[in-house]
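One structure below.
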Amino acid sequence: MIRSLLFVCLLLVSTSGWAYLLQGIITDTEGVPIPYVNVYLEHTTIGVVSNVKGEYFLELEEGDYRLVFQRIGFTRKSIGIQISGNQTRNVVMEIAAFELDSVNITIGKKDPAYDIMKQVIANKKEYVKQFDSYICKTYLKVSLETDTLPTKRELREMSAAELDSSLLASQNRPKLNFIESQSTTYFQFPKTYKSIVHAYRDFAEEKSTGVRMELGEDGMEIDDSPATEEKNPYLFYLDVSDADFNFYRNLIEALDLGDRPFISPLNSTMWRVIYKYKLEETFMEDGWLVHKIKVTPRNQDGPYFSGDLYIMDKSWAIKSVNLQIVPSTLSYFSYFQVIHQYDRTLDGRWTLAKEDYYYNIKDGRVRFYGNTIALHTNYELDVQHPKNFFRNEIRRVEKEALEKDSTFWASNRPITLKANEVEYIRTQDSIITYHNSPEFLRTQDSAYNRLKIWDFLLNGIGFRDRARGMEYFFDPLVAQPQFLGVGGYRHRLGGNITKTWKKYNALHVRGQIDYGFQNEDVKGQIQTGYTYAPRRFGRAYVKFGNVYSMITTFQSIQAIFSRSNYIQKVFYGMGNRIEVVNGLYADVSMEFADRRSIEGIELAEWSDSLFGSLNTPVSFEGERKFLFDLKVTWQPGQKYIMEPYRKIVRGSKWPTFDFHYKKAIPGVGGSVVEFDFLEVGAKHTFRPGTMGISRWSFHAGKFFRPKFLGISDFKFFRGSTPYFFANPLEDFQLLDATYPAENGFIQANYIHDFGGALMDKIPLLKRTRLQTAGGGAVIYIPQEDLLHNEIYYGLHWPFRIKEQRFRLGFYYSIAYSTRDLGVTQQPKIGITFFNTAKNEWEY
């Protein structure tokens, strides 16, 4: 008990510079909380904003202050306050009474804010590059609170007092995600950052990083690569490299917030066109004259800001910003506000001292409200970084960073935590201590292993022993029936076993077995992979099986499950993949396969009706193949995060290059297949300013010395499915059939997503959040005398379900092919999703 009280006391008094916490709730005269109220010290640039529950939190040193509360629609309120310790001050604001005043127009008169902004923009080159490099200490705190709103029925049954109470605090106990870190930040002009994290604690909800399954020709392929990590899109700014809000730049890129760059109010060419400015007041702060300028976008639908800029007179430097982002351009957040404060160095340069980000998300009855605070201190400017210091590592977490205890944080934290954060940390520390005990692990495993009827039917059957790092999983009943199985109905049993060690070494075993009732035959396969070098993605694997295998997965939807796309395959294989150097991956494997026609099996009568002419199995003599397969991928300039026992990839601004070489060697185990195949390719995603996102891919390949190719050895190109829009970076929209390329091919694909760059300028339509897109593709296959060209254009409609973003698209495609008579055209519909690990749409 004494230790707990001492810990709480340490948390409450651990401040450096910001000694005391002022907090309160802002409500209207009816007692309803008012969100998004700007709370600031009068005639200063110091301020915060209230959250969705009307709560505000402000750290102040001892002294007398005048506090201002301001929000559109309410009367501005100013109160005096004396700070000598932590205190609570609730505030009631009155709704403003609006009256239409007469308008006097004076020719040639303009707001002085425009002259001030003209000076700021004329001098901003001086501030874009104030220093070549720096080192500073950074403290970062990210908190995300969650609560649940009452249902409509509960609201109807509540009394007035209960209703007010429910708005101030959820009936369900709020949940909290909490992350904090202390690090050293290194910067090199223009946009290169690197963080060395010395202390780190993470109480955020974990994302699943388990085995991922992908459809392969045999129906199963294990991918346990930890190369990328799913990010919680509701948490913003976990590292200084996540966003660079330098308002002196014309465009501000923050990909976690929206698909397009945001236009700065200091944009050199568009500031007058995009924004309106108004001088709110001029005041003295620390002996300097400061202009407070209100910024308002002329168009309320676009990647713009609104709020206040605080500009230093004479030097025309930014002292502080308090800006909101137009909500319609945000991907996840319904509200996002940026508050920055800058300090002046002795030689007249300005450094970013404090960053505050306030953001809210509403997901049905659940609401999230987050706050990220970053403090930057102890700047060393124009330092000489060691050669190759930055390279491509953007963050490194020291092993000792994860071992810092609560005593360290209580004595080294430079801010005052809120009361709920203090209680949450104390509770979590106690829970973690208990969670690491064998007793707790047995209790949790017992709860997880307690099966319910829904586990058998829908969820799958899982058993876990966390003390030994073992986990078992078996497919649920819903995944077992194979109604479109070869030879009729087949029933499949499958599952996986995972053994994980503390340093992220892991063993994955995945297997499945299925039985066909009509032909009384058993098929199955098993694949085992061992991740032996997590920081280099080193993984060795073996596989074997006897299955009905697809000739190619590059078939149209009508043909992919037809009997003409299946053969019987007995195979054995092994391989290894590893990152040779940063961004250069190699995957080498060998496989022996005995392939046979399925002509001899009895087919189900319904399959003829379903697949028609496609239901005839391919006739060929049995063939054996021994294949050597080498895949090399190179991502120049690949950025990454290095943790004590693993590496997390964060992508690159350069194209990714692929090299694929296959050699079928005759004579090994009776192999008759003989060929060499080489394919090279590249793909890239780039953003041309504010006009959206462009993606392209290019591939070319050729068979060399193709003395004998088996039935499934060709390079296939998928025929298009009517009215279904396929992935435009891989497939085609109006290709009349699936084509094999026995000799060579050239393929190029391109799509441009304008986002809202066009639609947000059209009245009425801009409110729909519709987005425009267009692109095209070409393929040339000499052997087939095929040259196919196509273009398409259409509309996207983005929407979100929980944390997953989707985009429904409607397109019109037009194509011309040497195999067709004239021009073909067709409307299409498609859907894609947002990949949070790659931070981009699948297309």
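Structural remarks
- Residue 659 paired with residue 586, simple spin-label distance in nm, labels 7 Å along Cα-to-beta-carbon: 0.9 nm
- Farthest toward positive dipole pole in region 600-698 [+1 Lys/Arg, -1 Asp/Glu at C-beta], among 627, 690, 675: 690
- Carbon + sulfur, % of accessible area of region 760-820 - ligands and nucleic acids excluded, 1.4 Å: 65 percent
- Modelled spin-label separation between residue 64 and residue 95, with each label point placed 7 Å from Cα along the Cα-to-Cβ direction: 3.7 nm.
- Accessible surface ranking that places the most exposed of 803, 355, 62 first, with a 1.4 angstrom probe: 62, 803, 355
- Using C-alpha pairs below 8 Å separated by at least 6 residues, the relative contact order for region 444-577 is 15 percent.
- Computed P(r) (all Cα pairs; region 226-310; 10 Å bins; percent): 15, 37, 29, 15, 4, 1
- A simple rule links phi to the HN-Hα coupling: the Karplus curve 6.51 cos²θ - 1.76 cosθ + 1.60 with θ = phi - 60°, which for region 235-247 gives 9, 10, 6, 8, 7, 4, 7, 6, 7, 10, 8, 8, 6 Hz, with x for Gly and Pro.
- Computed from the C-beta positions of residue 707 and residue 818 and an R0 of 30 Å, the FRET efficiency is 0.55 to the nearest 0.05.
- If R0 is 45 Å, the Cβ-Cβ spacing of residue 698 and residue 196 corresponds to a FRET efficiency of close to 0.70.
- Most positive-pole-ward Cα, 392, 136, 824, against dipole of the chain from beta carbon charges: 136
- Apportionment of accessible area to carbon and sulfur, region 654-713, percent (1.4 Å): 69 percent
- Heavy atoms of residue 198 accessible to a 1.4 Å probe, total area in Å² rounded to 10: 60 Å²
- Summarising the amide proton neighbourhood of residue 840: residues at separation of 5 or more, or on other chains, whose placed amide H is nearer than 5 Å comprise 835.
- Value of relative contact order over the chain, rounded to a whole percent, pairs C-alpha under 8 Å and six or more apart: 8 percent
- Dipole moment magnitude, nearest 20 debye, the chain about Cα centre, only Lys, Arg, Asp, Glu C-beta charged: 980 debye
- Residues whose amide H comes within less than 5 Å of that of residue 398, counting only those at least five positions distant or on another chain, are 197 (H built at 1.01 Å from N in the peptide plane).
- With θ taken as phi - 60° and the Karplus curve 6.51 cos²θ - 1.76 cosθ + 1.60 applied, the whole-hertz 3J(HN,Hα) list for region 725-742 is 7, 7, 4, x, 8, 10, 10, 10, 9, 9, 7, 6, 7, 7, 10, x, 10, 7 Hz, x standing for glycine and proline.
- The residue list 325, 348, 420 was ranked by how far each Cα lies along the charge dipole of region 314-438 toward its positive end, using unit charges on Cβ atoms, and 325 comes out on top.
- Solvent exposure ordering (accessible area, 1.4 Å, most first) of 580, 570: 580, 570
- Counting every pair of alpha carbons in region 582-638, the share spaced more than 15 Å apart comes to 69 percent.
- Helix-derived mean residue ellipticity, 222 nm - over the chain, DSSP H n ≥ 4, -39500 (n - 2.57), to 500: -3000 deg cm²/dmol
- The share of C-alpha pairs in the chain whose separation exceeds 40 Å stands at 48 percent.
- Full extension of the chain between residue 533 and residue 803 gives 94.1 nm of extra length, using 0.36 nm per residue less the Cα-Cα distance.
- Rounded to whole Å, the principal axis extents of the Cα atoms in region 589-674 read 56, 39, 27, largest first.
- List 707, 499, 292, ordered by accessible area with a 1.4 Å probe, largest first: 707, 499, 292
- Label-to-label distance, residue 574 versus residue 785, with points set 7 angstrom from Cα along the beta-carbon direction: 4.9 nm.
- Residues in the chain average 48 Å² of solvent-accessible surface per residue, probe 1.4 Å, ligands and nucleic acids excluded.
- Area accessible to solvent at residue 500, 1.4 Å probe radius, in Å²: 60 Å²
- Residue 825-residue 748 FRET efficiency (beta carbon distance; Förster radius 22 Å; 0.05 resolution): 0.60
- Between amide H atoms placed 1.01 Å from N, distances below 5 Å from residue 549 occur with 567, 568, 569, all of them 5 or more places distant or on a separate chain.
- Evaluating 6.51 cos²θ - 1.76 cosθ + 1.60 at θ = phi - 60° for every residue in region 375-388, the Karplus couplings come out as 10, 10, 9, 6, 5, 10, 9, 6, 7, 9, 6, x, 4, 6 Hz, glycine and proline recorded as x.
- With DNA, RNA and ligands ignored, accessible area of residue 241 (1.4 Å probe; Å², nearest 10): 50 Å²
The values are calculated or read from the model by the stated rules, or taken from the named source; none is laboratory data. Given the structure is predicted, the values throughout are model-derived calculations rather than measurements. Glycine gets a Cβ as well: all are built from the backbone with ideal geometry, and neighbour counts include every protein chain shown. For accessibility, only protein heavy atoms count, side chains too; no ligands or nucleic acids. Shrake-Rupley method; radii C 1.70, N 1.55, O 1.52, S 1.80 Å.
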